[in-house]
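Single-structure report; data block below.
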Amino acid sequence: MNLILRCLPLLVPYWRSAALMMVLILVNSALSLLAPWPFKFLIDYALADQPPPAWLTEWLGSDNFRTRLLYACAVTEVLIIFLHQLLMVAETYVSTRLEQCIDRDFRSRLFGHAMQLSLAYHENRRSGMMIYVINNQGDAVANLLMTLPSIIESIVMLVGMLIVLWTMHWSLAAVSFVVVPALFFASRYYATRMRERIGRTKELEGVALSVIHEAMSMMRVIVAFCRQPLEHRRYLDATQVSMNARLGVTIRQTLFSLVVTMSTGIGRAAAWTFGGLLALAGKLTVGDLTIVLSYIDKVYDPLETIAYTYSGWQDQFANLRAAFGLLDTKPDIADPPQPLRVARCTGRIEFRHVDFAYKGRTDTLKDVSFVAEPGQVTAIVGPTGAGKTTLVSLIPRFYDAAAGGVLLDGVDVKELGLDALRQQVSIVLQEPLLFSMSIRDNIRYGRLDATNAEIEAAARAANAHDFISRLPEGYGTMLGERGSRLSGGERQRIAVARAFLKDAPILILDEPTSAIDSKTEAVILDSLDRLMEGRTTFMIAHRLSTIRRADWILVVDQGRVVEQGRHDDLLAAAGLYKQLHELQNRQAERKAAARAIWSAT
Ligand code: ADP
């Protein structure tokens, strides 16, 4: 019941359509109550010898009464059917529109909420499951709300039929209702038994979708390792499990239908037998018997609808639990109650005794303290897994420090509005992530109101304009998913252009050139030098040669800042930095020697 109540507010914006639909449904129900009457008139007054009511003879005249009545009954029946169908068309239009609107609203609410959830939340879940909830389970609200009218209609019909039947022949009505308790208990039993099973089946279907989603996003690796058959098998296995679960649900649903249909069948048979006996004993005319029996038939229609709808709701309830479960997940990184806003910060960053650990890990960062003055370039070096990326991720609040504080211009980042904070930070990652849209729109992602001239200027600054202009469709060139159809270096230059356009006072460069050949690296480093000007920059660098411009160097090892200072001072200190430096020098010497051998031979 709670779940249904939570769905109702979605109807509020469309209450007019909902009211119109209810009126159409009620009028239609009334029309279908009228439908058997011409038939009764036909049998009793045109074919049998029952005396017709006075208004009827007055209306049709006594000449040729039976033939006229026959035509009148036929015409009336056609009119009733026509009107009924006309209203059905209107009802279908209004209800489909209402359903689509509610569906769109709820799914977009789910998607909007999923976008608000933290990176940590998304990293801990398979994105295929999220797609399944939004796409396959998000229609539950609309589905459920759209069954409400048919339930209300069925209840109204049931009550209407009951009253009519009771006044016409109470004992026959009572006989036809002996099956109601059986239906009630069968529905309750079904609902409680099926809840968990349906929920599990949906989860398994979500898992199968996740396999497809993961495979599609890992296509390069799959092709490179020729693992198409393995992925195919993984998908087949997942679908086999979900198929078995779905079969289990379907067979139970069918058995439930059997119980419902059998119960109403027994009820019908009981009413026919009892009604037939009454007619044989002369206590009921044949016309009255047909009309009573047709009403009893119509009593079972809504009864069956109620039973089936209630059982169908179990499916929707499982979907609703998953969808509301997503909506109820509070973003663990959210705006503070009174967020502070800044138009443009100066860019002074301070870490004060910051501790952080990922879920299930310990001490990813421990007691990290340093200051980066506005416009200063801070290089972060250290072995892989030391915590460099994690450290810079705390600045735009991708994660929150567990202890200590990250301060921007002297204010803890947790006190700033998330939008305002992230507006201050541009990030260029090792693997540039681009959207499957045009190059122009990808650059515009940095600032949505940028003009074409500004986009071009950003591309020039990022050394990207020349290669973009050489493409047949220039800035209008459409990229594939994740920016495929461009080389790594080209993608990175577009990402740099995007950062130029954003023009944020803080810049985070997370090994932006480590996946790029040294010739392209020089072009990108040149554009990055321009990008860094006047911005507080954090530069995670694998190759120490790329950080010569750094004003300050943080050396991170196992989550701690083990050394910090200027290049020369750190070399003189003869610590980890010096070791890393010497290691890279040796590697560079080995490479040069190898090259020399190749060129000599
Ligand atoms: P670096 O950038 O120095 O290579 P990271 O900051 O990426 O290192 O990672 C630091 C540590 O945190 C590593 O031990 C890594 O395994 C772990 N880690 C990174 N990301 C996650 C995550 N999303 N969930 C759990 N642990 C993570």
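The values are calculated or read from the model by the stated rules, or taken from the named source; none is laboratory data. Remember, it's a predicted structure, so these values are computed and weren't measured experimentally. In this analysis, Cβ positions are derived from the backbone assuming ideal geometry, glycine residues included, and neighbour counts consider all displayed protein chains. These area figures cover heavy atoms from the full protein model, side chains too; ligands, DNA and RNA do not enter into them. Shrake-Rupley method; radii C 1.70, N 1.55, O 1.52, S 1.80 Å.
Using only the Cα atoms of the range 434-503, build the gyration tensor, take square roots of its eigenvalues as a ≥ b ≥ c, and label the shape rounded, prolate or oblate: rounded if a/c is under 1.5, else prolate if a/b is larger than b/c, else oblate.
Verdict is rounded for the range 434-503.
Sort out for me the Cα centre separation of the range 214-272 from the range 306-329, rounded to whole Å.
If you average the Cα positions of each part, the centres end up 18 Å apart.
Among the DSSP beta bridges whose two residues both lie in the chain, what percent are antiparallel, rounded to the nearest 5?
50 percent
Just the number please: accessible area per residue for the chain, 1.4 Å probe, all protein chains included, in Å².
53 Å²
Picking from 309, 577, 89, whose Cα lies most toward the positive end of the charge dipole for the chain (charges on Cβ: Lys, Arg +1; Asp, Glu -1)?
Of 309, 577, 89, it is 577.
As I understand it, the dipole of the range 434-503 uses +1 on the Cβ of Lys and Arg and -1 on the Cβ of Asp and Glu, about the Cα centre. Which of 480, 450, 469 lies farthest toward its positive end?
Farthest towards the positive end: 480.
Quick one: if you stick a label point 7 Å off each Cα along the C-beta vector at residue 343 and residue 180, how many nm between them?
Once both label points are built, they end up 7.2 nm from each other.
Pull out the extension gain between residue 119 and residue 152, defined as 0.36 nm times the separation in residues minus the alpha carbon to alpha carbon distance; nm, one decimal.
Extra length from residue 119 to residue 152 when fully extended: 7.5 nm.
So for the chain, taking the charge dipole from beta-carbon charges (+1 Lys/Arg, -1 Asp/Glu), which of 39, 401, 358 sits furthest toward the positive end?
358
What is the spin-label model distance, in nm, from residue 484 to residue 78 if the labels are put 7 Å beyond Cα along the C-beta direction?
6.2 nm
Order the peptides 64-77, 362-375 from the highest to the lowest mean number of other Cβ atoms within 10 Å of their residues.
The densest-packed peptide leads the list: 362-375, 64-77.
Could you work out what % of the accessible surface of the range 14-327 is carbon and sulfur, using a 1.4 angstrom probe and leaving DNA, RNA and ligands out of the count?
Heavy-atom surface of the range 14-327 belonging to carbon and sulfur, 1.4 Å probe: 67 percent.
May I ask you to rank 539, 218, 262, 146 by accessible area, largest first, using a 1.4 Å probe over the protein chains only?
So, going from the largest accessible area down, we get 262, 218, 146, 539.
How much accessible surface area, in Å² rounded to 10, belongs to the heavy atoms of residue 166 with a 1.4 Å probe?
130 Å²
Starting from the Cα gyration tensor of the range 317-364, take the square roots of the eigenvalues, sort them a ≥ b ≥ c, and report rounded, prolate or oblate (rounded when a/c is under 1.5, otherwise prolate if a/b is larger than b/c, else oblate).
Taking the square roots of the gyration eigenvalues as a ≥ b ≥ c, the range 317-364 is oblate.
Got a number for carbon plus sulfur as a percent of the range 335-491's accessible area, 1.4 Å probe?
Carbon-and-sulfur percentage of accessible area, whole number: 50.
Let me check something: with ligands and nucleic acids excluded, how do 567, 232 order by accessible area (1.4 Å probe), largest to smallest?
Result of the area sort, largest leading: 232, 567.
What translational D, rounded to a whole number of µm²/s, comes out for the range 14-327 from Stokes-Einstein when the hydrodynamic radius is the Kirkwood one over Cα pairs, at 20 °C and 1.002 mPa s?
After rounding, the answer is 90 µm²/s.
If you place +1 on the Cβ of every Lys and Arg, -1 on the Cβ of every Asp and Glu, and leave all else neutral, what size is the dipole of the range 434-503 about its Cα centre, to the nearest 20 Debye?
My answer is approximately 180 debye.
If you look at just the Cα atoms of the chain, how large are its Rg and its Dmax in Å?
Considering the chain through its Cα atoms, Rg and Dmax are 36.8, 125 Å.
What net charge do the residues around residue 201 carry, taking every other residue with its C-beta under 14 Å from that of residue 201, with Lys and Arg at +1 and Asp and Glu at -1?
After counting each charged neighbour, the total is +4.
On the full set of protein chains, 1.4 Å probe, figure out the accessible area of residue 223 and give it in Å² to the nearest 10.
Roughly 80 Å² of residue 223 is accessible to a 1.4 Å probe.
Could you order 158, 110 so the one with the most accessible surface comes first? Probe is 1.4 Å.
Heavy-atom accessible area, descending, gives 158, 110.
Please state, as a whole number in µm²/s, the translational diffusion coefficient that the Stokes-Einstein equation yields for the range 244-337 at 10 °C and 1.306 mPa s, with Rh defined as the Kirkwood radius across alpha carbon pairs.
Approximately 92 µm²/s, per Stokes-Einstein.
Using 0.36 nm per residue of separation minus the Cα-Cα distance, give me the extension gain between residue 189 and residue 216 in nm, one decimal.
Result: 5.5 nm gained on full extension.
Compute the distance in nm between two label points, each set 7 Å from the Cα along the Cα-to-Cβ direction, one at residue 126 and one at residue 588.
4.6 nm
Please give the calculated 222 nm ellipticity per residue for the chain, where each DSSP H segment of at least 4 residues contributes -39500 (n - 2.57) and the sum is spread over every residue; nearest 500 deg cm²/dmol?
My calculation for the chain gives -21000 deg cm²/dmol from helical runs alone.
Work out which helices of the chain, taken as complete DSSP H runs, extend at least 30 Å along their axis over the Cα atoms and score a mean Kyte-Doolittle of 0.0 or more, then list them.
The qualifying helices are 65-116, 140-176, 228-280, 286-328.
Taking 0.36 nm per residue of sequence separation and subtracting the Cα-Cα distance, how much length would be gained by fully extending the chain between residue 321 and residue 435, in nm to one decimal?
The residue 321-residue 435 span can extend by a further 37.8 nm.
Please list, ordered by chain and number, the residues whose modelled amide H lies under 5 Å from the amide H of residue 563; skip anything fewer than 5 residues away on the same chain.
The list, which skips near neighbours in sequence, is 555.
Taking a point 7 angstrom from the Cα of residue 286 along the C-beta vector, which residues in the range 251-273 have backbone N less than 18 Å away?
In the range 251-273, the label zone of residue 286 (backbone N under 18 Å from the point 7 Å along Cα→Cβ) covers 272-273.
When you count, for each residue, the other Cβ atoms within 10 Å and take the mean per peptide, how do 340-349, 584-593, 98-107 rank with the highest first?
With the highest mean Cβ count within 10 Å placed first, the list reads 98-107, 340-349, 584-593.
To the nearest 0.05, how large is the calculated FRET efficiency for residue 262 and residue 159 if R₀ is 22 Å and r is the Cβ-Cβ distance?
The pair residue 262/residue 159 has a calculated efficiency of 0.35.
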